[in-house]
1. What does the convex hull of the alpha-carbon atoms of the range B:19-164 project to on average, in nm²?
2. State whether the protein assembly as shown is rounded, prolate or oblate according to the following rule on the C-alpha gyration tensor (a ≥ b ≥ c being the square roots of its eigenvalues): a/c under 1.5 gives rounded; otherwise a/b larger than b/c gives prolate, and the remaining case gives oblate.
3. Aspartates and glutamates near B:Lys156 by alpha-carbon distance under 15 Å, same-chain residues fewer than 8 away left out - which ones?
4. Take chain B, connect every pair of alpha-carbon atoms lying under 10 Å apart with a spring to form a Gaussian network, then pick out the residue of B:Tyr79, B:Tyr61, B:Tyr44 with the largest mean-square fluctuation.
5. Between B:Ala165 and B:Asp125, 0.36 nm times their residue separation minus their Cα-Cα distance comes to what?
6. Modelled label-to-label distance, B:Leu110 and A:Leu9, 7 Å Cα→beta-carbon offset: nm?
7. Mind checking which of B:Glu142, B:Glu160, B:Glu31 has the largest fluctuation in a GNM of chain B, springs on alpha carbons under 10 Å?
8. Helix B:102-111 against the longest principal axis of chain B: what's the angle in degrees, Cα atoms only, rounded to the nearest 10?
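Please treat every number below as a calculation from the coordinates, not as lab data. Quick caveat, the model's predicted, so the values are computed rather than measured. So basically every Cβ, Gly included, is an ideal-geometry build from the backbone, and we count neighbours across all protein chains shown.
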Amino acid sequence: MRMLRIPCLLLLATSLLTACTEVRPWQRGNFARVEMQWQSDPLESALNDHIFFSKEASSGGNSAAGGGCGCN
Amino acid sequence: MTIKQRAQTLAALTIAAVAANFAISAFAVEEGEMAPDFSLPSIYADRAAVSLSALQGRTVYVDFWASWCAPCLLSLPLYNEMYHKYKDQGLEIVAISVDNPIEDGLDFLLDTPLDFLIPADPDGDIAELFQVFGMPTSYLIEPDGTVSLVHVGFRKGDIEIIEEAIQKSLAAH
């Protein structure tokens, strides 16, 4: 039984792989939907940033450049 | 068959199935090959279906687009200009919408009317047949059915490359 454990585990692992499928280029429409974005409402996220800035006296660091040095 | 052999056979079959799943994309339509024939209903309910074989003898520019694809929306008005410029010389443009639902494509067409053929492929069957590997992808098909240009993506200067290839094809036939 012990000898069968590894092949059985491998089999289980590979059968799970069949759930992996490639999203084809023409199927990417769903990714472009508003509900799929990190920030679904740009106005709300700008407002949140502004509140964060006024409370913490630091800005940036939540996306790309800027480390919250308060120098801008 | 022992349990071990059975397990091995099953494992091999599973691996083969997974490999086949990822290997399909190796059969994309390339330059120099014959374009596969297709027939699709028009995106407009009141217009005739579009089939590639019915356009044989003309230079056909086939483009796959969707309303969610920003470069596609940049390219389509330029294709419309090109269509008016060359249609009398034998150019036909077929812009296949892969929008699902097709109403998304129709919404875009309300604001941007296009005069060439626009079939709808909401299930992506023909995109699958061509093995489209980016959005947008377009194919220049010669009057004899061979593909002479495959163009993936669209940037501003690309229309010149495409126009040059179309002029070359129209001059040769």
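1. If you wrap the Cα atoms of the range B:19-164 in a convex hull and average its projections, you get 8.7 nm².
2. oblate
3. B:Glu81, B:Glu164
4. Checking each option, the largest mean-square fluctuation is seen for B:Tyr44.
5. 11.7 nm
6. Placing both labels 7 Å along Cα→Cβ, they lie 5.8 nm apart.
7. Ranking B:Glu142, B:Glu160, B:Glu31 by mean-square fluctuation puts B:Glu160 first.
8. The angle comes out at about 20 degrees.
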